[in-house]
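The values are calculated or read from the model by the stated rules, or taken from the named source; none is laboratory data. Remember, it's a predicted structure, so these values are computed and weren't measured experimentally. With ideal geometry, Cβ positions are generated from the backbone for all residues, glycine too; neighbour counts draw on all protein chains shown.
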Amino acid sequence: MNTRVQNYSSLGYGLFIHYGLYSRFGEGEWYWNMNKLTKEEYYQKIGPLNQVELKPDFDGIAKWAKASGLNYIVLTTRHHDGFSLYDTKGLSSLDITHTKTQKDLIKNFVQACDKHKIKPVFYHTTLDWAHPDFENNFDNYLDYLYKSVEILTKNYGEVGGFWFDGNWSKPENDWKENELYSMIRKNQPNAIIANNTGLNDKGNLKNEFLEIITFEQGALTEQLSQASGQVVKEVCETVNDHWGFAKNDFNFKSVSQIIKSLVNIRLNKANYLINVGLTSKDKVGGLEQETLTKVGEWIKQNGFCLFEDFSVVYQKEMVSVIETKNDYFILVDNLKSGGHVDEIAYGAQALPTLELKNISNKIKTIIGLDDNEELEFSQNKDVLKIKPKSFKYGFNSIIKVYQASKEDQHA
């Protein structure tokens, strides 16, 4: 495993941010395409660029994300509508310098990430609805794309990676990927490179420079769980059904769903990239923010072990056991709530004995991370027997995590 793959894999949990002019409409990032607009119609709806003001608080967003257990942020520097949040140095009139904002938002973004010690990653479209050469002179378009990305490699310090999206729009074309990726490797040797394979080709690598297998809106497949350790496996999902802000999309994932996805993905040694679309007011939506804040609280209390160097030593139905240098962590799913869901009597009710195998170290104590209570156990060679309880009244941490401390081998 090379250093780029190792470093990116260790981040584990990231925030994807879709943000651009399309956020103003509140109908998703494909607003242009889905409404069959021309370039003129789309930008007429936006209004004169010199009157458009974009004011995202990237400092506040980076601070919140870091506090919520997120370790990297992938931001859309340019999406399919062709508008760039960075200064294109005269390559295009469709960039942030031609708006009322004028200042380079990507510079603000990177500075905020560096300040709060969260890794910045640049999403960049390769599909461009606005550029005439995309359909009329593809080689000219690729030259424009190359020069655009080159700007991002040279003007913002060291970044965590480049996350491309759109080659699926012209699968038969020669995208001259080697030229683009070689330039990135030269200017940003520590940056990992991804190129999203899209909804219909999840989990495939198309080029030797690529070191991330992407699974857009993808469940954990056999292909993902068996993928080589020489690449990063990354599942990216939306908090609701849209990548860009959609004001009438109410189908939000719950805290419970995200926690369960995070645990499942991390147990498969993959990264979880969860997406929010900044609103028309340039902010993270209140519900999304509270949801991911709560997930962050769970990580701090229960899930920190999933971001250490660990190996999965046992898995069966409702229980998984991972081993770190000093401890085992036992993750138990589908316990009954201790609240008023069924009846209070369920609180702290004993469950059938679980036999956990492959526990090669002698165990000293087993403690529940949520309630700090000790759990009785017995051990015979490499088999550990525990009798977990349902959550006691006042608790429901979705997945119960026990820390089983190893006896000191040198005592």
**Message:** For segment 66-79, give me the residue count where each residue is out of contact with any Gly (no Cβ under 7 Å at 6 or more places or on another chain) and under 27 Å from Met34 (Cβ atoms).
**Reply:** 3
**Request:** State yes or no: is Lys260 closer than 22 Å to Asp333 by Cβ and either in a helix (DSSP H, G or I) or of a type in the set (Ser, Thr, Tyr) (or both)?
**Result:** yes
**Request:** State which residue pairs qualify: first residue free of Cβ contacts under 8 Å to residues at least 60 places away in the same chain and inside segment 281-303, second residue part of a helix (DSSP H, G or I) in any location, beta carbons under 6 Å apart, and separation of 6 or more residues or different chains.
**Result:** Thr291/Val255; Lys294/Val255
**Prompt:** Does Ser148 fit the bill of being assigned by TED's automatic domain parsing to the domain that holds Leu210, buried (at least 19 other Cβ atoms within 10 Å of the Cβ), more than 21 Å from the chain's Cα centre (by Cα) and part of a helix (DSSP H, G or I)?
**Reply:** yes
**Prompt:** Which condition number in (1) farther than 30 Å from Lys63 by Cβ; (2) of a type in the set (Ser, Thr, Tyr); (3) surrounded by 20 or more Cβ atoms within 10 Å (Cβ to Cβ) is the one that Ser311 fails?
**Reply:** (3)
**Prompt:** If we scan segment 158-165, do we find a residue that is in contact (Cβ under 8 Å) with a residue 60 or more places away in the chain and out of contact with any strand residue (DSSP E or B) (no Cβ under 9 Å at 6 or more places or on another chain)?
**Reply:** no
**Request:** Could you identify the single residue in Leu49, Leu75 that is among the aliphatic types (A, V, I, L, M) and over 24 Å from Gly12 (Cα atoms)?
**Result:** Leu49
**Prompt:** Out of Lys154, Lys89, which single residue is touching a residue at least 60 places away in the same chain (Cβ under 8 Å), of a type outside the set (Gly, Ala, Ser) and surrounded by fewer than 16 Cβ atoms within 10 Å (Cβ to Cβ)?
**Reply:** Lys89
**Asked** Has segment 40-62 got any residue that is surrounded by 15 or more Cβ atoms within 10 Å (Cβ to Cβ), among the polar types (S, T, N, Q) and at pLDDT 95 or above?
**Response** no
**Request:** Among residues belonging to segment 1-39 that are more than 22 Å from Tyr72 (Cα to Cα) and aliphatic (A, V, I, L, M), point out the one that is nearest to the chain's Cα centre (by Cα).
**Result:** Leu21
**Asked** Does Glu317 count as under 30 Å from Leu11 (Cβ atoms), at pLDDT 95 or above and charged (D, E, K, R)?
**Response** no
**Item:** Close pairs from segment 25-42: first in contact (Cβ under 8 Å) with a residue 12 or more places away in the chain, partner surrounded by fewer than 14 Cβ atoms within 10 Å (Cβ to Cβ) and aliphatic (A, V, I, L, M), Cβ under 9 Å, at least 6 apart
**Value:** Glu27/Met34; Gly28/Met34
**Asked** Just wondering, is there one or more residues in segment 78-86 that are touching a helix residue (DSSP H, G or I) at 6+ places or on another chain (Cβ under 9 Å) and on the phi > 0 side of the Ramachandran plot?
**Response** yes
**Message:** Which numbered condition in (1) in contact (Cβ under 8 Å) with a residue 60 or more places away in the chain; (2) outside any helix (DSSP H, G or I); (3) surrounded by fewer than 16 Cβ atoms within 10 Å (Cβ to Cβ) is the only one that Phe16 fails?
**Reply:** (3)
**Request:** Could you tell me which numbered condition Gln379 fails, if it satisfies all but one of (1) surrounded by fewer than 15 Cβ atoms within 10 Å (Cβ to Cβ); (2) free of Cβ contacts under 8 Å to residues at least 60 places away in the same chain; (3) not aromatic (Phe, Trp, Tyr)?
**Result:** (1)
**Message:** of a type outside the set (S, T, N, Q), in contact with a Phe, Trp or Tyr (Cβ under 9 Å, 6 or more places away or on another chain) and either within 23 Å of Asp81 (Cα to Cα) or surrounded by fewer than 18 Cβ atoms within 10 Å (Cβ to Cβ) (or both): which single residue out of Asp139, Asp114, Asp143, Asp104 fits that description?
**Reply:** Asp104
**Message:** So, Ala246, is that one crowded, with 18+ Cβ neighbours inside 10 Å and at pLDDT below 95 or not?
**Reply:** no
**Pair list, Cβ under 8 Å, 6 or more apart: segment 45-62 residue over 19 Å from His18 (Cα atoms), other residue assigned to a helix (DSSP H, G or I)** = Leu49/Tyr43; Leu49/His98; Asn50/His98
**Message:** Show me the strands (runs of 3 or more DSSP E) found entirely inside segment 283-375 where at least 1 residues are polar (S, T, N, Q).
**Reply:** 311-316, 319-323, 363-368
**Request:** Could you run through segment 186-204 and say how many residues are modelled with pLDDT under 95 and either β-branched (Val, Ile, Thr) or outside the structural domain of Lys170 (by TED's automatic domain parsing) (or both)?
**Result:** 1
**Asked** Given the residues Thr279, Thr324, which is the only one that is surrounded by 14 or more Cβ atoms within 10 Å (Cβ to Cβ) and outside the structural domain of His18 (by TED's automatic domain parsing)?
**Response** Thr324
**Request:** Determine which member of the set Asp87, Asp143 is assigned by TED's automatic domain parsing to the domain that holds Leu180, in contact with a strand residue (DSSP E or B) (Cβ under 7 Å, 6 or more places away or on another chain) and of a type in the set (Asp, Glu).
**Result:** Asp87
